[in-house]
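The values are calculated or read from the model by the stated rules, or taken from the named source; none is laboratory data. Computed from a predicted structure; not experimentally measured. Counting neighbours? That spans all protein chains shown, and the Cβs are built from the backbone with ideal geometry, glycine included. When the accessible area is computed, the model is the full protein with side chains, heavy atoms only, and any ligands, DNA or RNA have been set aside. Shrake-Rupley method; radii C 1.70, N 1.55, O 1.52, S 1.80 Å.
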Amino acid sequence: MHASVVAHPNIALVKYWGKRDSRLNLPAAGSLSLTLGPVATRTSLTFGAEEDSLELNGVAVPAAKRLRVATLLDRVRDLVALEQGPAARAALGGARILSTNDFPTAAGLASSSSGFAALALAATEAAGLHLSLPQLSALAREGSGSAARSLFGGFARMHAGTRADGTDAFAEPLFDEHHWDLRVVIAVTVEGEKEVASTDGMNLTERTSPYYPAWIETVEPDVQSAMTAIAARDFDHLARIAEASALRMHASAIAADPGVLYWRGATVEVIHEVRRLRAGGLPVFFTIDAGPHVKVFTPADEVSAVVRALEATPGVLRTIVTTPAAGAHLVHG
Ligand code: DP6
């Protein structure tokens with residue numbers, strides 16, 4: 001009836017931006033990511049409470065702001081009824097969830113990726129369910145698309161799938177966190193700015209951007225090329241694919257009506273700085289999610305030079321260094 005989990009966020013190298021089904025949260029195309037630590041979400045969940053409750057970083061989250069959590073818990077209850085019968089479902093009662101993110105505020109790391117990966121694992125474990133990894137990943141996806149990938153350490157690939165019920169829309173591990181000693185330096189450009197949530201941004205892009213179909217067409221070929229580059233640890237090849245994927249994703253969003261623009265001035269300054277560093281011989285590339293911060297990849301032995309250069313870039317407030325991390329896992333507590 002109780003489980004505690006640690007999960008790390010992930011950053012996409014080939015982006016997820018668009019859904020083929022909103023209700024089941026099915027992605028329109030695949031994606032490919034790297035799970036990053038030491039930043040983490042820690043979640044403990046106990047069934048047997050009078051009603052469901054969620055405390056995030058010590059603050060109670062009202063029911064209206066945890067609809068996706070409620071949906072995921074209901075899905076778990078349905079699975080329990082299916083596996084163990086209706087009496088077992090009733091015996092679960094409410095779930096008391098305590099969750100903390102140790103990410104510094106406004107790090108621009110998708111807390112939904114680690115948050116829903118942690119929740120899916122904690123809830124199924126506490127409920128005594130025995131799900132396969134694809135089933136678990138598909139469950140996390142219903143909470144947040146990127147969460148399907150955070151169940152796995154290192155590099156993970158998300159499948160868009162084709163089935164209407166979404167059973168083939170899950171992530172799988174590609175290479176674990178020891179495959180490639182990379183660093184991802186987060187250049188924090190704005191503290192605490194409110195942005196367009198990624199769900200809203202991608203829905204608007206899909207509905208109104210003339211570039212959306214063109215964007216979606218690029219994704220699967222990019223996933224294939226990125227897998228080849230990662231297998232060979234070919235940094236320059238991965239750099240080309242990842243930057244192109246990020247820029248095309250943002251181009252499709254900027255072309256929405258009204259345009260969805262996540263960048264600030266400092267975001268653009270960092271892009272130019274990364275290009276300048278690369279022209280000077282430093283292996284480095286950037287990617288950007290649904291926010292103004294820039295995530296800069298580099299081999300471990302180049303990280304100090306990259307941190308120095310980014311911290312001297314106009315508009316960069318600070319940097320956070322992250323490393324490839326393990327998948328979501330159970331812990332004592
Ligand atoms: C730009 O996973 O947050 O970070 O499924 O609607 O919860 P929902 O979206 P979410 O979107 C992530 C978008 C992205 C790219 C990525 O992580 O692939």
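Solvent-accessible area of Phe103, all protein chains in place: 30 Å² (probe radius 1.4 Å, heavy atoms, ligands and nucleic acids excluded).
Shape verdict for region 80-161, please, from the Cα gyration tensor: rounded (a/c under 1.5), prolate (a/b greater than b/c) or oblate. Oblate shape, in that a/c is at least 1.5 and b/c is the bigger or equal ratio. Which of rounded, prolate or oblate describes region 16-66 when judged by the alpha-carbon gyration tensor and an a/c cut-off of 1.5? Oblate shape, in that a/c is at least 1.5 and b/c is the bigger or equal ratio.
Binning the C-alpha pair distances of region 195-333 at 5 Å intervals from 0 yields a P(r) profile of 2, 9, 16, 18, 18, 16, 13, 6, 2, 0 %, listed from the shortest bin outward. Remark on region 2-178: Rg and Dmax equal 15.4, 44 Å (Cα only). Once the 1.4 Å probe is applied to the protein heavy atoms, region 1-51 comes out at 30 Å² accessible per residue. Give the residues of region 304-323 whose amide nitrogen is closer than 20 Å to a point set 7 Å from the Cα of Asp181 in the direction of its Cβ. Hits in region 304-323 for Asp181 at 20 Å: 304-308, 321-323. Highest mobility in the GNM of the chain, judged by mean-square fluctuation with C-alpha springs under 10 Å and restricted to Val268, Val190, Val294, is found for Val268. What a 1.4 Å probe finds exposed on region 2-178 is 56% carbon and sulfur by accessible area, rounded to a whole percent.
Computed with a 1.4 Å probe on the full set of protein chains, the accessible area for Glu55 sits at about 70 Å².
I need the shape label for region 131-230. Rule: rounded when a/c is under 1.5, else prolate if a/b > b/c, else oblate, with a, b, c from the alpha carbon gyration tensor. Because its axes are fairly even, with a/c under 1.5, region 131-230 counts as rounded. Here's the list of lysines a cross-link from Lys15 could span, going by alpha-carbon distance under 22 Å and ignoring same-chain residues fewer than 8 apart: Lys194, Lys295. Most simply put, the chain has about 90% antiparallel DSSP beta bridges, counting only bridges with both residues inside it.
With all protein chains kept in place, the per residue accessible area of region 182-324 amounts to 44 square angstrom at a probe of 1.4 angstrom.
Straightening the chain between Asp74 and Ala88 buys 3.7 nm, computed as 0.36 nm per residue apart minus the Cα-Cα spacing.
The fraction of Cα-Cα pairs per 10 angstrom bin, counted from 0 for region 253-333, comes to 16, 42, 24, 15, 3 percent, rounded to whole percents.
In the complete set of protein chains, residue-level accessible area for Asp52 is approximately 40 Å², probe 1.4 angstrom. By the helix-only formula, in which each DSSP H run with n ≥ 4 contributes -39500 (n - 2.57) and the sum is divided by residues, the chain has a 222 nm mean residue ellipticity of -12500 deg cm²/dmol. Stokes-Einstein diffusion for the chain, with the hydrodynamic radius set to the Kirkwood value over Cα pairs and evaluated at 37 °C in a medium of 0.692 mPa s, equals 163 µm²/s. For Asp165 and Leu330, the difference between the fully extended length at 0.36 nm per residue and the C-alpha to C-alpha distance is 56.6 nm.
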